[in-house]
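Following: one structure in structure tokens, then a few remarks.
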Amino acid sequence: MSSYTLPKSRSPLYYILLALGALVVSIGLYAMQQMEHHGHIITGMNNQIVWGMPHVFAIFLIVAASGVLNIAAIGSVFGQTVYKPRAPLAGMLSIAMLAGGLFVLMLDLGRPDRIIVAATNFNPTSVFAWNLPLYSGLFTLVALYMWTLLEKRMNCWIKPVGLVVFTWRILLTTGTGLIFAFLVARQAYGSALLPPMFIVMSFGWGMAVFFLVQAAIYKWNDMDEDSVILNRMKNLLGIFVLASLFLVAIYHLTNLYFAKQTEFEHFILRDGGIYPVLFWGGYVMLGSLLPLLLIFHSSLGKIKCVVAASMLVILGSFALLYVFILGGQSFPLSIFPGFEVSSSFGDGAITHYHSSVWEVMLGMGGLGVAFIITVIGIRVLDFVPHDLPNK
Amino acid sequence: MKRLVLLLLCLCVPELWAAESSLPKIDIGKGGECVKDTQWMRKNHMHLLKHQRDETLRKGIRDDQISLKNCIECHASVKDDSVIARNDSFCVACHKYEAVKLDCFECHSGKRKSAWLQQRNEK
Amino acid sequence: MSDMNMDRRNFLKTSVGAAAVAIAPGMLLFQVAHGSTAAASSKVRWGMLIDTALCKPGCNDCVTACNKENGLSGGTAATDSQWIRKIEIKDINSGRPVSLPMMCQHCENPPCVDVCPTNASFKRADGIVLVDKHRCIGCRYCMMACPYKARSFVHEPLSDQHPDVPRGKGTVESCTLCVHRIDQGGKPACAEACTNHVILFGDLNDPSSEIAQKVHSVSSTQLRADLKLNTGVRYQGL
């Protein structure tokens, strides 16, 4: 058995993948250079829609990055043997995706040259400021955790470090949810349900990404998935998809119940053009129900179905984030309840958002960064899950 | 070892080349010393600006003598009323020579206020 | 060059410079700005009272004045900065129309200040909420947090800014209550320009000020008072 995840026999593939990843990253960097030089006027963002496509990509990457650590935690912290050999790969994917997400977020800033200012001026009431120690802390802790996993002499430390990593990642995803939960201004946000919702979604998204990468690794090593392990993992993915569907339903149900929120909910669920289409078609049907069918139906559930389900879950996550982030901003602020409002600044009107190519390029650049780190990681270290033989 | 010495010597060449080039020619506008002497200002104006901007903006302390606007009022060129318009303008000349990027004028006007107002009223 | 020679050179330079400074004002028309060296005080709370009954639909005097005072383009594209805007509202049930100007409400508990990661968005001691462009990284979180859509983002490179009002690409900005005027004892450009006497500006903490007396005697509300932000701008006739 090769001691590298990407065997030497696959060397040409490694260089091709690396070149592809580098190309995507350079496209992202070019987009950032254009945005920095010309200003955000070249994007689709404006004074009503202040966060656009880059944030959809970034939040997916950050939430999935913390979610993939769940797989490691189930093994290291909760003692499930099947997951233990999968922990190193999960850790590496977490670092890769977090780096990708940060790449997008930091380069979308209006003044990305002022990152040092952000690091040295700290507002304790701002979630964005909390994110600085949270994200850098996660990098450090996961690196430490991977050391305990890969270095045999450090194996005794796996459980305590794993516990710290698990706690930290829960805090991080809570922070991501709180970014929106703390916003009382817009009707889409300001809900205490958002942090738990993001945490549950992270479980599913992280698992989906893990499945895809694991399937690729098995293929490159001409190995077969053990059907028992596959069964357990796919069922877990199904449970996470169900749980997040449940929380999203609760979020919308409570909103619908409040009279002051009803108009907003009708916009998202029925009248808002692209938003209901993406929500029902993208997230509910393609991103939740179809994967559930692929996972749980008795005649399905093989590896191809699980890979397809994972891809659909990721697609659904992008759809949901688009509806959540962009839809939430498209709907006007309620400054004068009980009045019809109009002005030169878009008050009272739905703002239509059209993503520019630059924003998609920047988002793809983030995916590229995560991809490159993963490719290099699996070339350099042994991430193949070495399962113990079934008794 | 020889290679290291040779490398270090080679690195001196650009320094010698730069040392021979002439010092920046600065258009000091109206000129004068109202805050501190020239040498002190050359060494410390950035620290003064960085401290004073917080005093003015965050606390509302507007000292005439250390107001950026007033610096510009005197030091802007008498030809084009600007501290940044040309290569020998007051701020640009030295900053270009030292290769230190000027961030101030991304937001601040480099134009003498009296001239700016006059120009706007003429429009 | 010996130290003595350097001192002599410096002395000559200084005296010539001092002479030039003394003579120059007579030769050239320079206007040095004057400000107060006293810090803003929390004893003062600047605010505005807006009488919507006097505000005429179609009149944009306050907006025009603000644009001129602050060097804004006056454009109304979705990416253009608008520090003040006229809003036309109509009661859904009765159809009663109201016209009013809307700007940063200068809250006592500003959500924009809470969420800003770098403390760029801050509240001055006298209640004015400002953006410190030296620290703003352009993350736009404050724009997400503001319930009044008061903030604008500068989407393109700017040139020829007003010397009193620094503005730059990639930072967020909003109504400063004309802080550069207030610090010289003046009042905001919108309040001064309004010919219908809609906008009354003053110190809410000074019981003898016109605004404090009026707020004490007539009914006025804060927009989205349910959010308990305690805005410095109040509206009459809503």
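Rule-based calculations on the coordinates, nothing more; no lab input. Computed from a prediction, not measured in an experiment: that's the story for all the values here. Methodologically, a virtual Cβ is constructed for each residue, glycine included, from the backbone with ideal geometry; neighbour enumeration extends over all protein chains shown.
Worth a mention:
- Pairwise Cα distances in the range A:163-235 exceed 19 Å in 53 percent of cases.
- Considering only Cα atoms, the convex hull volume of the protein assembly as shown works out to 214 Å³ per residue.
- Computed label-point distance, nm, for sites A:Cys156 and B:Asp103 using a 7 Å Cα→Cβ extension: 4.9 nm
- Total lysine pairs under 18 Å (Cα atoms) in the range C:109-220, excluding pairs fewer than 8 apart on one chain: 4
- Look at the stretch B:76-83: the mean tally of other chain Cβ atoms within 10 Å of its residues' Cβ atoms is 1.
- The calculated Kirkwood hydrodynamic radius for chain C is 20.2 Å, given to one decimal from all distinct C-alpha pairs.
- Paramagnetic label zone (point 7 Å from Cα along Cα-to-C-beta, B:Leu117; backbone N under 14 Å) in the range C:70-109: C:70
- Distance cut-off 24 Å, percentage of C-alpha pairs in the range A:1-160 lying past it: 50 percent
- Residue exposure sequence - C:Leu158, A:Leu171 - by fewest surrounding Cβ within 10 Å: A:Leu171, C:Leu158
- For A:Val277, A:Val284, order by how many other beta-carbon atoms lie within 10 Å, fewest first: A:Val277, A:Val284
- The 3J(HN,Hα) values that the Karplus relation (6.51, -1.76, 1.60; θ = phi - 60°) gives for the range A:313-326 are, in residue order, 4, 5, 4, x, 5, 4, 4, 5, 5, 4, 5, 5, 7, 7 Hz. Gly and Pro appear as x.
- Cα-based Lys pair tally, chain A, threshold under 20 Å, eight or more apart or on separate chains: 10
- Separation of alpha-carbon centers, the range C:123-161 and the range A:38-72, rounded to whole Å: 21 Å
- Each residue of the range A:60-73 was assigned a 3J(HN,Hα) from its phi angle through the Karplus expression (A = 6.51, B = -1.76, C = 1.60, θ = phi - 60°), giving 4, 4, 5, 5, 5, 4, 6, x, 5, 5, 4, 4, 5, 5 Hz with x at Gly and Pro.
- Unsatisfied cross-links (Cα-Cα over 18 Å) in the set B:Lys113/C:Lys86; B:Lys79/C:Lys68; B:Lys30/B:Lys59; C:Lys56/C:Lys86: B:Lys113/C:Lys86; B:Lys79/C:Lys68; B:Lys30/B:Lys59
- Convex hull volume per residue for the range C:44-170, taking Cα atoms only, in Å³: 139 Å³
- Descending principal axes extents, the range C:89-150, alpha-carbon based, whole Å: 46, 26, 17
- Set of aspartates and glutamates near B:Lys25 by C-alpha distance (under 14 Å), chain-local residues within fewer than 8 positions excluded: B:Asp88, B:Glu98
- Point-charge dipole on Cβ atoms (K/R +1, D/E -1) for the protein assembly as shown, about Cα centre, debye to 20: 1120 debye
- Counting only Cβ charges, +1 for Lys and Arg and -1 for Asp and Glu, the dipole size of the range A:131-259 around its Cα centre is about 280 debye.
- Fewest-first sequence of A:His297, C:His180 by Cβ atoms within 10 Å of each Cβ: A:His297, C:His180
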